[in-house]
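K.L.:
One structure, pasted below without further comment.
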Amino acid sequence: MSIVSITLQNNDDARPIIAAILADNPKAELSNFPAMVKINAEGELIVNRETVEDKLGRPWDVQEIHLSLISLSGNIDEDDDRLRLFWRA
Amino acid sequence: MQLDLKTIEVKQRRQTFGHIARRFGTDRPASRYEEGTYDVQAVEHFHYRPTWDPRFQIFDPNKTRVKMTDWYALTDVRQYYYATYNIARARMYEAVERNFDLVERANLLDTVDPKWLAKIRDVLVPLRHYEWGANIVNAGITYDGYGTAITQAACFAMADRLGLAQLISRIGLTLDNGDGTSLDGTAARWTGEAKFQGLRRVVEDMLVVDDWFEALLAQNFAVDGIVHGLVYGAAIPAGNALGGTPVSLMCEFIAEWRTDSAKWIDGVLKAAAKDSPENAALLAGWYRTWRDRALEAVKPLAEGLMDGAAASALAEVAAQLDARAARLGIA
Amino acid sequence: MNAINSGASKKRLPLKEKYRHLTRGLHWDTTYQPMNKVFPHAAYEGIKIHDWDKWEDPFRLTMDAYWKFQAEKERKLYAVLDTFAQNNGQTNFTDARYVNTMKLFLTGVSPLEYMAHRGFGHAGRQMAGVGPRVACQMQSLDELRHVQTQIHTMSHLNKYFSGFHEFPHLHSRMWYLSVPKSFFDDAVTAGPFEFMTAIGFSFEYVLTNLLFVPFMSGAAYNGDMATMTFGFSAQSDEARHMTLGLEVIKFMLEQDEQNVPIVQKWIDKWFWRGHRMLGLVAMMMDYMLPKRIMSWKEAWSMYFTEAGGALFADLARYGIRLPKYAEVATAEADHISHQNWAIFYQYTHAAGFHTWLPSDEEMDWLSAKYPDTFDKYYRPRFDLWREMEKEGKRFYNMGLPQLCSTCQIPMGYTEPGDPTSIAFRSSKYNGDTYHFCSDGCKDIFDNEPEKFSQAWLPVHQIFQGNCGGATMEDVLKWYKLDGDNMDYAQSLDKKMWDEWQAGKNRVSG
């Protein structure tokens, strides 16, 4: 399987999202760069609304991820409860 | 290490960019609107001609019959650049959001005369397609127009009209308790029901106007002046007598937007008319054509919303628009 | 957040359903005017679309949510810009040489953001399906955001440094800026589907990470918080754009198999065009950042070989392969930044930014990052030029270079597999001979000679007397250069920077 990735700003808005991704995706690997983090995983990465809300302590709209997103690699599927990144090959 | 600004001199070499300084004849500090707008569009040395229409350069002042000494005379009096535009719209939407909340939580629509609500559903909700047409017209001007002053404002108008189409849809969702039934059939009604056909023909004709300035005037001044003037200027306030205040609350964004948009388009038309008598005559002709067509087209909609009061309301809307046109020098 | 219909006590529609109602539901097929007259550019490129409703919306933003998020981003960004200006943040850069990367950015990249704004306006008018049309419209708005936030960020630097003050003017006149300008002129004069393939897919999805991500991280590393902030803030839109680019490609490929060869040809063309243009970025990363974040070669490997490899593996199901000459581009990653910096070093008297020779420490870094090429092919040339500088004979090349008729870069690139001989290719068209730097550029010309023979080639124009006059001095005046050119060592920027540093040292005792 190919590697999907998501790159987020390294700031207070993004930290709960980063924590949620690492909690929900056991295969996820995080790399630090100045002011940003890149998370790679084989085949698929999921950002769950509920997990982010747990980390954040307030309701969170999946579309709020747009405020922190820097880049991604993979096909996208987004609904009310989660953002999924995946390759089909 | 932090720099102590008091003890070393950090001297400026210039206040603004060369093209801005030349425009104002002096190197003075410039606003973000000025720096983000003036001369940002390329005007020379285009490498290739559009493959779909090689008659023109990529950006070409000859795509309209209007001639301007300076295309940057068509400034936006609101001084919207991207940031101020979005911040203004977000603030307006926040206010209408509270109105929707109030209407929905307190079930305020239960207090409205059902006959008025039926008219809203019957006439106003399908007019989301009218807004969608306006979105497409303004998208066209975003590319075809000449100079950032007019094209960025057209781009904002494009976004505004998608926003209005969605806001009207949201009014529909509020009317049908969120199940979407009020929206399902609107396209079929817009294309099939007799009372919408006159307006739909006007809308579709605007989509194929070649001259982008004519499309700009037709949509954002003449036809909007009649359609919005009738629906949001006359009918919705009149509905308050039928307990329609909650509907007015949901339309508040549109009311505020009309004032905002009129400032822009009035300023643009005034500047174009002022530039030459030829422009003024051209604009006046376009105004007359599209105003007359719109006025004829909305008659059945006026009757659908206002019954016996329709004719006098329409006459008033037309008179107000004519007065506005006269003030701008395009009557 | 309070997007449409949330906060209601009534039934809440799921996001996908809501978006269908509020966007897809707006469409009708026109009948008073035929659809092909309302959307006249939808078909002439030969792309066949049978069912626009099959379009998958990747992100389902309604306009109110767009305004809300974008307003929040802008408030944050402009607060940083104001603070940066008030505190004279530019005095905390690692070094004033760094500012030259920003000059190249404002004159070379920001005007492209503007062209993207207009180009997506065109696509957002001409795409006959609602889903892609709305997505293109939002991208048109975003691109306007990018050019304006960049101008507003650089506005502060313009008050102190050379090289910014004539950015739109330079973009249309300066010889090396015809490289990015012709790139985007090419894209916006193509039909809406090729434009989407060129910009939405090949540039945004495959290559833009190479421009923004390492570069903005580099800005952060060099103390430029304003640039880092606009860059990352722009990237938050870019993720949406990348996704749109990928969806457009998938949509075309799924709609009709006859679309596949057309799309493949466009991918081949725009990959190579993008690769050539990004050579400028390669040079920025390897030579112009005082503190380097990663080499161009490393960035290429991470963002093209790895991420692009995964992408093209995913697209293989449609019969799409890696872009033609991808392996050539990857091999060139070992050379391109060095060759470009050498070109600009020689011609910096006619450029809108300063150049310099790498220091010993920097050359060692380059040796380490490019173990197969730097010491062997490039260090000796820099050593020679350094000797000349010591003798007071800093090398300026007073001739005018021949330009490639496609990418418009001076013909200085070497043969694949032979870094010691310059590559020359040529084609005949209508009795004239056109020259190219590579097989990739020759192929592009040969596919559309009618288009590429129209190019406004700066060197030809200078020879024809269309650029202010016959002498170098006339041309520089026509560029409106004013202390913006020549070696960094003699620059006003350096003089001012040294004064600031002396001031700092005085203050810190």
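Readers should treat all values here as calculations from the given coordinates under stated rules, not as data from a laboratory. What you see is a predicted model, and the numbers here were worked out from it, not measured in a lab. Note that each Cβ is placed from the backbone with ideal geometry, even for glycine, and that neighbours are counted across all protein chains shown.
K.L.:
Can you tell which of B:S31, C:M174, C:F353 lies farthest toward the positive end of the dipole of the protein assembly as shown, using +1 and -1 charges on the Cβ of basic and acidic side chains (Lys, Arg; Asp, Glu)?
P.N.:
Ranked along the dipole, the leading option is B:S31.
K.L.:
Across the Cα atoms of chain A, what radius of gyration and what greatest pairwise Cα-Cα distance (Dmax) are found, in Å?
P.N.:
Rg and Dmax of chain A, Cα atoms, are 11.9, 37 Å.
K.L.:
Separate question: Specify the residue with the greatest mean-square fluctuation among B:N138, B:N279, B:N107, computed from a Gaussian network of chain B linking alpha-carbon atoms under 10 Å apart.
P.N.:
B:N107
K.L.:
In terms of modelled amide H atoms, which long-range or inter-chain residues lie less than 5 Å from the amide H of A:L72?
P.N.:
A:T7
K.L.:
Pairing the Cα long axis of helix C:130-158 with the longest principal axis of chain C, what angle in degrees results, from 0 to 90 and rounded to the nearest 10?
P.N.:
30 degrees
K.L.:
Mind sorting C:V507, C:V188 by how few other Cβ atoms lie within 10 Å of their own Cβ, fewest first?
P.N.:
Going from sparsest to densest Cβ surroundings: C:V507, C:V188.
K.L.:
Inverting the mean 1/r over all pairs of different Cα atoms, compute the Kirkwood radius of the protein assembly as shown and quote it in Å.
P.N.:
So the Kirkwood estimate lands at 29.1 Å.
K.L.:
How do A:E50, C:E391 line up, fewest other C-beta atoms within 10 Å first? Write down the numbers at each step before the final one.
P.N.:
Numbers: A:E50 12, C:E391 8.
Ordered from fewest to most neighbouring Cβ atoms within 10 Å, A:E50, C:E391 come out as C:E391, A:E50.
K.L.:
On a 0 to 90 degree scale, rounded to 10, what angle separates helix B:82-105 from the longest Cα axis of chain B?
P.N.:
20 degrees
K.L.:
While we're looking at this one, here's another question. Under 5 Å between amide H atoms, partner at least 5 residues away or on a different chain: which partners does C:Y429 have, H built in plane at 1.01 Å?
P.N.:
Counting only residues 5 or more places away or on other chains, the set is C:Y434.
K.L.:
Using alpha carbon centroids, what distance separates region B:98-121 and region B:262-290, in Å?
P.N.:
39 Å
K.L.:
Quick one: 3J(HN,Hα) in Hz for region C:496-502, Karplus 6.51/-1.76/1.60 with θ = phi - 60°, rounded, Gly and Pro as x.
P.N.:
5, 4, 4, 5, 4, 5, 4
K.L.:
Where does the charge balance sit around C:H435 when Lys and Arg score +1, Asp and Glu -1, over other residues with C-beta under 12 Å from its C-beta?
P.N.:
+2
K.L.:
To the nearest whole number, what is the average tally of beta carbon atoms from other chains within 10 Å of the beta carbons of peptide B:108-114? It would help to have the intermediate numbers written out before the result.
P.N.:
On the way: counts 0, 0, 0, 0, 0, 0, 0.
Taking the mean over all residues of the peptide, I get 0.
K.L.:
What is the average number of partner chain Cβ atoms found within 10 Å of a Cβ in C:80-90?
P.N.:
Values: counts 0, 2, 0, 0, 0, 0, 1, 3, 4, 1, 1.
Neighbouring Cβ atoms belonging to other protein chains average 1 per residue here.
K.L.:
Could you state the principal axis extents of the C-alpha atoms in chain B, from the largest down, to the nearest angstrom?
P.N.:
71, 56, 39
K.L.:
Counting other Cβ atoms within 10 Å, keep those with at most 16, restrict to DSSP loop, and tell me which trypsin sites (Lys or Arg not before Pro) in region C:350-456 are left.
P.N.:
Sites meeting the loop and neighbour criteria: C:K393.
K.L.:
Quick one: which of B:K67/B:K263; C:K291/C:K376; A:K38/C:K369; B:K63/C:K37; B:K11/C:K390 span more than 27 angstrom between C-alpha atoms?
P.N.:
B:K11/C:K390
K.L.:
Along region C:24-32, what does the Karplus equation 6.51 cos²θ - 1.76 cosθ + 1.60 (θ = phi - 60°) give for ³J(HN,Hα), rounded to whole Hz, x for Gly and Pro?
P.N.:
3J(HN,Hα) across region C:24-32, in whole Hz: 4, x, 7, 6, 9, 7, 5, 10, 5.
K.L.:
Going by how many other Cβ atoms sit within 10 Å of their own, how do A:L22, B:L314, A:L45 line up, fewest first? Kindly include the intermediate steps, with their values, before the conclusion.
P.N.:
Working: A:L22 15, B:L314 21, A:L45 24.
Final ranking by Cβ density, sparse to dense: A:L22, B:L314, A:L45.
K.L.:
Just want the answer: with Cβ charges of +1 for Lys and Arg and -1 for Asp and Glu, which residue in A:S68, A:F86, A:F33 is farthest toward the dipole's positive end in chain A?
P.N.:
Of the listed residues, the answer is A:F33.
K.L.:
With angles folded into 0 to 90 degrees, how steeply does helix C:110-126 sit against the dominant principal axis of chain C? Use alpha carbons for both and round to 10.
P.N.:
Tilt relative to chain C: about 20 degrees.
K.L.:
So how far apart, in nm, are the two label points at C:R386 and A:L30 if each is 7 Å from Cα heading toward Cβ?
P.N.:
Spacing of the two 7 Å Cα→Cβ label points: 4.2 nm.
K.L.:
Let me ask something else about it. Dividing the alpha-carbon Rg of region C:259-302 by 2.2 N^0.38 Å yields what?
P.N.:
1.53
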